[in-house]
Amino acid sequence: MSRKIELNMTFDTVREAVKQPHTAPIVTVAIRADGSVEKVTFVVSSGVPAIDEAVRKVVASQAPYPAFPPALARQYDVIEIRRTWIFDMAIRLQ
């Protein structure tokens, strides 16, 4: 998920919004076994509604994500991935 978001030129979606003072958001994305997004939850908001909405749009715009490998899909219906989103010259997920 991280690589797909970082490599697909999604920064334009947030370029204007991130000029405002903000906190690096910590976001949990729940991905279903088929690669679809179940939900996006902010553990820590950026403090700027436009940035938080842009993060949701970026996640949605890159869906579907790769389906789980068969062994993982047998064990889990959904996995949650939590990352800190960093905005500088691009979007980086840590």
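Does residue 36 fit the bill of being small (Gly, Ala, Ser) and touching a Ser or Thr at 6+ places or on another chain (Cβ under 8 Å)?
no
Can you name the residue in the range 6-45 that is under 11 Å from the mean Cα position of the chain (by Cα) and outside any strand (DSSP E or B) and, of all such residues, is nearest to residue 72 (Cα to Cα)?
The extreme case among them is 6.
All but one of (1) surrounded by 14 or more Cβ atoms within 10 Å (Cβ to Cβ); (2) without any contact (Cβ under 8 Å) to a residue 24 or more places away in the chain hold for residue 74; which doesn't?
(1)
Count, please, the residues in the range 54-71 that happen to be of a type outside the set (A, V, I, L, M), free of Cβ contacts under 8 Å to residues at least 24 places away in the same chain and closer than 20 Å to residue 12 by Cβ.
1
Tell me the residue from 54, 67, 73 that is closer than 19 Å to residue 4 by Cα, hydrophobic (A, V, I, L, M, F, W, C) and assigned to a helix (DSSP H, G or I), please.
Within the list 54, 67, 73, the selection yields 54.
Residues of the range 34-79 being within 30 Å of residue 20 (Cβ to Cβ) and touching a Lys or Arg at 6+ places or on another chain (Cβ under 8 Å), which ones?
38, 40, 43, 62, 65
Every read-out reported here was derived from the displayed coordinates using simple, explicitly stated rules and does not represent laboratory data. All of these numbers come straight from a predicted model, not from anything done at the bench. Cβ atoms come from the backbone with ideal geometry, glycine included; neighbour counts cover every protein chain shown.
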